[in-house]
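Input: a single structure, listed below in structure tokens.
The values are calculated or read from the model by the stated rules, or taken from the named source; none is laboratory data. Computed from a predicted model, the values in this text were never measured in an experiment. Note: ideal-geometry Cβ built from the backbone for every residue, glycine included; neighbour counts use all protein chains shown. Surface areas here come from the heavy atoms of the whole protein model, side chains and all, with no ligands, DNA or RNA. Shrake-Rupley method; radii C 1.70, N 1.55, O 1.52, S 1.80 Å.
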Amino acid sequence: VHNHNTYHRKTMMPPSSSLLLTACLLILHAPPVRSFGSFKLPPLPWNAQPGGGSSGTVDDDDGALRPGDTVAVVGASGNVGKLVALRLSDTYKVNGIVRDVASVGDFFAGREDKIRLYEADLLDETRAAATAADGGSTAGGSCSASLTGALRDANAVVICTGTTAFPTKAWTRSGSSNDVSKDVLDALLNNSFSVKDAIASLDADGLNTPNNVDAASNEFVVRAWNDACRSRQKRIIMLSSIGVRRRESMPFPILNACGVLDAKAAGEDAIRTSAEDNGYSYTIVRPGQLFGGPYDNNYYLGTLFQLDKDEETRDVRVGRGDELLGDTLRSTLAEVTAQICEGNYGRDMDFAVVNERGESPSVEAVRERLGVL
């Protein structure tokens, strides 16, 4: 007579093997888990994303922005900021930080469900925070009430603010029609025509100087986001300039005569340091001299001389670091900014983007160029 009990005893796996198989099945079918305390699972081949590496992939826990995340665009009423906010709203919820909501509302008509505008004067906010800090207040690095709404749920921040390299109407305290030349002349006269001291005097007077806009305000925005954000902070992007890392080499000392490249360097340093300290990624994007529309709020030299490029200068070149020379279409800068967010490119690096003679590249070609940075 066949003994069924004996048969089962002989074919049944030992308890230890059964437990091992059960554990393997649980790992195969469970959602990806990255860590348990200080212990981290090694990367598993079936969880790998196409392309590999830290850029160009979208993984559940790699800090990549996902459709529906919130991006705060600082300077969303400027020439570049408007295009960046508009383009990012294709994929994300956008909180646009502007000086005057009324001045830009029509530009975003039809996107009200995707773009929310918040009004704040960053120079006033920055000075208030500095005054509080000088007075011994612990609120010096905190986020103001006017910015809390924009930054509280922001998974990413894109800084599009900037000013001109030399004194223009853009340097006025409010960007109004006031002539800045009198302020500049007075500063020179009161400082024995020392350009450095005159610029410092204009800084102290609260004008939109490079130091106030590109250094102090950017540092303030970073602190404010760190203080206000209650969502996961994923990345911060600063639209800077070519020449920042080459400001000792011609022709950039001329461009830096009033300290614009020094100020941008300080802003970049603040962003890098904060990203490293707080566990999110950073990207510094370096365009050349900007050209192309819109022109309705433009105080740059290209506007004053009514300069534009012919339509044949539309190809896009990107290069890691600060080595390229050339001009950059505002529309190109906005598209590249959106692509690095959507494709998870360019993390923890700086790169330059310029336009060259040629036709506009396809989206796939731009992604391929960004993916190899």
Go through the stretch 152-203 and report how many residues are hydrophobic (A, V, I, L, M, F, W, C) and free of Cβ contacts under 8 Å to residues at least 24 places away in the same chain.
8
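Within the stretch 248-270, which residues are buried (at least 23 other Cβ atoms within 10 Å of the Cβ) and assigned to a helix (DSSP H, G or I)?
Within the stretch 248-270, Val260, Leu261, Ala263, Lys264, Gly267 meet the criteria.
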What is the one condition in (1) part of a loop (DSSP other than H, G, I, E, B); (2) surrounded by fewer than 23 Cβ atoms within 10 Å (Cβ to Cβ); (3) of a type outside the set (Asp, Glu) that Ala170 does not satisfy?
(1)
Could you please find all residues in the stretch 204-228 being part of a helix (DSSP H, G or I) and out of contact with any Ser or Thr (no Cβ under 9 Å at 6 or more places or on another chain)?
Ala204, Asn211, Ala215
Of all residues being of a type in the set (Gly, Ala, Ser) and open to solvent by less than 20 Å² (accessible area, probe 1.4 Å) in the stretch 37-77, which is modelled with the lowest pLDDT? Just the residue, please.
Gly63
Search the stretch 273-287 for residues being open to solvent by less than 50 Å² (accessible area, probe 1.4 Å) and not polar (S, T, N, Q), and hand back the single one that is nearest to Glu356 (Cα to Cα).
Pro287
Which count do you get for residues in the stretch 143-165 that are out of contact with any helix residue (DSSP H, G or I) (no Cβ under 6 Å at 6 or more places or on another chain) and either surrounded by fewer than 19 Cβ atoms within 10 Å (Cβ to Cβ) or in a helix (DSSP H, G or I) (or both)?
5
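Take Ala139 and tell me if it is modelled with pLDDT under 90, loosely packed, with under 14 Cβ neighbours inside 10 Å, assigned to a helix (DSSP H, G or I) and in contact with a helix residue (DSSP H, G or I) (Cβ under 7 Å, 6 or more places away or on another chain).
Values: modelled with pLDDT under 90: yes; loosely packed, with under 14 Cβ neighbours inside 10 Å: yes; assigned to a helix (DSSP H, G or I): yes; in contact with a helix residue (DSSP H, G or I) (Cβ under 7 Å, 6 or more places away or on another chain): yes.
So Ala139 passes the test.
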Where a residue in the stretch 264-282 is over 17 Å from Thr209 (Cβ atoms) and its partner, wherever it lies, is open to solvent by 70 Å² or more (accessible area, probe 1.4 Å), with Cβ under 8 Å and at least six apart
Ser274/Arg223; Ala275/Asp348; Ser281/Asp348; Tyr282/Asp348
Go through the stretch 288-373 and tell me which helices (runs of 4 or more DSSP H), entirely inside it, have 2 or more residues that are buried (at least 19 other Cβ atoms within 10 Å of the Cβ) and modelled with pLDDT of 85 or more.
330-342, 363-371
Give me a count of the residues in the stretch 87-107 that are within 21 Å of Ser331 (Cβ to Cβ), part of a helix (DSSP H, G or I) and open to solvent by 50 Å² or more (accessible area, probe 1.4 Å).
3
Restricting to the stretch 112-128, name every residue that is part of a loop (DSSP other than H, G, I, E, B) and either surrounded by 15 or more Cβ atoms within 10 Å (Cβ to Cβ) or β-branched (Val, Ile, Thr) (or both).
Lys114, Ala120, Asp121
Kindly indicate which of Asp183, Asp203 is within 28 Å of Ile97 (Cβ to Cβ), acidic (Asp, Glu) and open to solvent by less than 50 Å² (accessible area, probe 1.4 Å).
Asp203
Is it the case that some residue within the stretch 232-252 is of a type outside the set (D, E, K, R), in contact with a Phe, Trp or Tyr (Cβ under 6 Å, 6 or more places away or on another chain) and either modelled with pLDDT under 95 or on the phi < 0 side of the Ramachandran plot (or both)?
yes
If only one of Arg245, Arg232 is within 25 Å of Asp322 (Cβ to Cβ) and either open to solvent by 50 Å² or more (accessible area, probe 1.4 Å) or without any contact (Cβ under 8 Å) to a residue 24 or more places away in the chain (or both), which one is it?
Arg245
Among (1) among the small types (Gly, Ala, Ser); (2) within 17 Å of the chain's Cα centre (by Cα); (3) farther than 23 Å from Thr328 by Cβ, which single condition is Ser241 missing?
(3)
